[in-house]
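Below is one structure; the comments refer to it alone.
The values are calculated or read from the model by the stated rules, or taken from the named source; none is laboratory data. What you see is a predicted model, and the numbers here were worked out from it, not measured in a lab. Note that we place each Cβ from the backbone using ideal geometry, even for glycine, and neighbour counts take in every protein chain shown.
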Amino acid sequence: MLTVVARTRLYRGGALIAEGFPIAEVSEHLADPAATVWFDLLTPDAHDLDAISDELGLHPLAVEDVRQEGQRPKLDRYASHLFVTCYTVLLDTTTGTLDTAEIAAFVTERALVTVRMSNRFDIEKVVERWDSAPDLAKYGVAFLMHGLLDYAVDTHYAAAEALDEQIESLEDQVFNDLPTDQDMQRRTYELRKSLVTLRRVVLPMRELVESVRRRELRGYDEAMAPYYEDVYDHVLRASDWTESLRDLVTTILDTHLTVRSNRLNVVMKQVTSWAAIIAVPTAVTGFYGQNVPYPGFQQEWGFAVSTVVIVTMSVGLYIAFRRRGWL
């Protein structure tokens with residue numbers, strides 16, 4: 001007997017008949033060929049999973065995968081059911097980190113069982129999608145799986161869009177006159193990590209949705225084909241977007257380093273130019289500071305000559321450096 005609290009729903013003939021009933025009644029409802037059942041388990045223990053496995057005849061390898069978190073998005077085929085794992089993602093725009101939430105699903109011909117090991121996966125969002133399209137409920141499990149996959153893929157697309165905006169802000173900082181190197185490098189590192197995580201989630205989803213499009217889903221109805229095509233299109237767009245952003249953030253980092261190197265060269269030119277200008281009066285006054293007689297020694301015209309030499313050479317160097325763009 002199950003010890004975990006579960007969320008349940010019963011559809012019959014395309015209409016929502018009941019929800020919140022005990023899981024013990026699932027077998028009774030599935031005896032009706034027109035019935036489709038969904039129930040969700042949150043943080044079930046080994047006993048709960050064994051009970052569900054015995055109730056629906058689930059493969060032990062699929063049950064083992066549920067117990068081991070961190071599975072890659074996939075669709076496994078077994079004799080009596082399919083096993084699906086996928087993720088939702090959410091980008092923290094303040095820190096640039098990407099949070100993932102895993103969900104596993106057992107798919108039979110007339111039942112969908114979702115298993116969550118944490119409440120980070122917002123199952124209410126999936127339920128809202130089902131409720132927003134009641135006319136599709138007559139397609140049974142295919143309808144339920146579409147809502148689940150569509151929600152997951154939409155979070156991938158939203159995360160890619162948010163990452164794009166974050167990377168655009170990095171592009172503006174690259175050519176900022178007052179750059180904050182440490183903050184930018186830390187932000188770039190976090191965004192690159194988030195893109196790697198998003199890539200690991202998005203790329204396998206193409207294969208998963210493609211498998212559903214190839215009619216791997218039991219109870220699949222041709223009328224659901226356009227809806228799965230739409231999900232697949234979103235998967236491809238999110239995947240392509242993630243790949244392009246991954247290249248872009250690398251380019252931004254390389255450009256940032258190049259710009260900083262160029263700015264350093266400019267600063268070195270400026271410092272060297274001013275050092276050369278300052279060296280002129282230092283050399284002239286040093287020469288006239290010798291304790292030996294020289295032309296103009298202790299004469300007013302000698303002071304005038306040294307002053308003219310200092311001003312002329314300094315101004316000449318300044319003009320020459322300005323023409324070369326060093327000052």
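Brief remarks follow.
- Residue within region 37-52 that is of a type in the set (Ser, Thr, Tyr), over 12 Å from Val115 (Cα atoms) and either in contact with a strand residue (DSSP E or B) (Cβ under 7 Å, 6 or more places away or on another chain) or in the same structural domain as Glu102 (by TED's automatic domain parsing) (or both) present: no
- For Ser273: the one exception among (1) out of contact with any Leu (no Cβ under 8 Å at 6 or more places or on another chain); (2) modelled with pLDDT of 75 or more; (3) not assigned by TED's automatic domain parsing to the domain that holds Gln166: (1)
- Taking the criterion of being of a type in the set (Gly, Ala, Ser) and surrounded by fewer than 17 Cβ atoms within 10 Å (Cβ to Cβ), the residues of region 54-70 that qualify are Gly57, Gly70.
- Residue, surrounded by the fewest Cβ atoms within 10 Å (Cβ to Cβ), within region 33-52, restricted to residues that are of a type in the set (Gly, Ala, Ser) and more than 35 Å from the chain's Cα centre (by Cα): Ala34
- Any hit, region 112-120, residues being of a type in the set (Ser, Thr, Tyr), more than 30 Å from Thr188 (Cβ to Cβ), without any contact (Cβ under 8 Å) to a residue 24 or more places away in the chain and in contact with a Leu (Cβ under 9 Å, 6 or more places away or on another chain): no
- Leu170 closer than 30 Å to Ile252 by Cα and either touching a residue at least 40 places away in the same chain (Cβ under 8 Å) or in a strand (DSSP E or B) (or both): yes
- Selection from region 191-212 of residues that are of a type in the set (A, V, I, L, M, F, W, C) and over 23 Å from Thr250 (Cα atoms): Met205, Leu208, Val209, Val212
- Flag if Ile23 is of a type in the set (A, V, I, L, M), assigned by TED's automatic domain parsing to the domain that holds Arg186 and within 27 Å of Thr155 (Cβ to Cβ): no
- A search for C-beta distances below 9 Å between a residue of region 37-60 that is within 23 Å of Gly140 (Cβ to Cβ) and any residue that is surrounded by fewer than 16 Cβ atoms within 10 Å (Cβ to Cβ) and β-branched (Val, Ile, Thr), counting only pairs 6+ apart in sequence or on different chains, returns Leu41/Val5.
- Qualifying position, being at pLDDT below 90, in the same structural domain as Arg186 (by TED's automatic domain parsing) and basic (Lys, Arg), among Arg67, Arg12: Arg67
- Checked against the criteria, Arg72 counts as within 27 Å of Asp48 (Cβ to Cβ) and touching a Pro at 6+ places or on another chain (Cβ under 6 Å).
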